[in-house]
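The values are calculated or read from the model by the stated rules, or taken from the named source; none is laboratory data. These numbers were taken from a predicted model, which means no experiment stands behind them. Cβ sites come from the backbone with ideal geometry, for glycine too, and all protein chains shown count toward neighbours. Keep in mind that these areas ignore ligands, DNA and RNA; they rest on the heavy atoms of the full protein, side chains included. Shrake-Rupley method; radii C 1.70, N 1.55, O 1.52, S 1.80 Å.
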Amino acid sequence: MTFDILRSIEVLERTPAVLDHLVRDLPDHWTRVNEGDETWSAYDVVGHLIHGEHTDWMERLHKCLSDDPGVNKFRPFDRTAMFEESKGKTLEELLGSFAALRAKNLDELRTLGLKEADLDRTGVHPVFGTVTVRQLLSTWVVHDMDHIQQIVRVMAKQYTEEVGPWKEYLRILQD
């Protein structure tokens, strides 16, 4: 599929509701469990998504759209900032913050009225080098899907042993 901003927004605007329906009001044994050292729980993922709404997608988009070449360099993204930023907050608070921030960012994205030529504008990623707006916005969509899949996988793995012989047919438990 070729990138289309309206199709992308169709997914981006649904992510907060998907996560809300998936994990709201579940006990910690579903939402605070992870897959081991240096892995994330559903709670951690929502915090990570919030951090991205604050410091990644729209900030980087604005850098790409700037006419000042000195501005188009992206700051490194702290992928684990949520561990500190989420402290003391409930999952329900995080879900509400994520929904509000995403709605604000999508309103701003719509207001920009990006044209086809804007999608080819570039920024400089600290690892990948030159990237386009099209790539940035496509990544935003797939990043959401990746983390939804991650949450579902972590939750499913709680029953890895309990499914018995069916494990070999359950791809989610093979990762």
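Has region 152-168 got any residue that is outside any helix (DSSP H, G or I) and open to solvent by 40 Å² or more (accessible area, probe 1.4 Å)? Yes, region 152-168 contains at least one residue that is outside any helix (DSSP H, G or I) and open to solvent by 40 Å² or more (accessible area, probe 1.4 Å).
Considering only region 10-26, state which residues are in a helix (DSSP H, G or I) and more than 16 Å from Val142 (Cα to Cα). Within region 10-26, Ala17, Asp20, His21, Leu22, Val23 meet the criteria.
Only one residue in Val142, Val127 is open to solvent by 60 Å² or more (accessible area, probe 1.4 Å), modelled with pLDDT of 95 or more and farther than 25 Å from Tyr43 by Cα. Which one? Result: Val127 is the single residue among Val142, Val127 that is open to solvent by 60 Å² or more (accessible area, probe 1.4 Å), modelled with pLDDT of 95 or more and farther than 25 Å from Tyr43 by Cα. Among residues of region 21-36 that are within 15 Å of Gly96 (Cα to Cα), those with a Cβ under 6 angstrom from a residue that is assigned to a helix (DSSP H, G or I) and among the hydroxyl-bearing types (Ser, Thr, Tyr), sequence gap 6+ or separate chain, pair up as Val23/Thr31. A count restricted to region 66-84 and to residues that are surrounded by fewer than 16 Cβ atoms within 10 Å (Cβ to Cβ) and not in a loop (DSSP other than H, G, I, E, B) stands at 3. On the basis of being open to solvent by 60 Å² or more (accessible area, probe 1.4 Å) and modelled with pLDDT of 95 or more, does Thr90 make the cut? Answer is yes for this residue. From the list Asp37, Asp67, the lone residue that is within 20 Å of Leu114 (Cα to Cα) and at pLDDT below 95 is Asp67.
As for region 99-116, it holds at least one residue that is within 15 Å of Pro16 (Cβ to Cβ) and touching a Pro at 6+ places or on another chain (Cβ under 7 Å).
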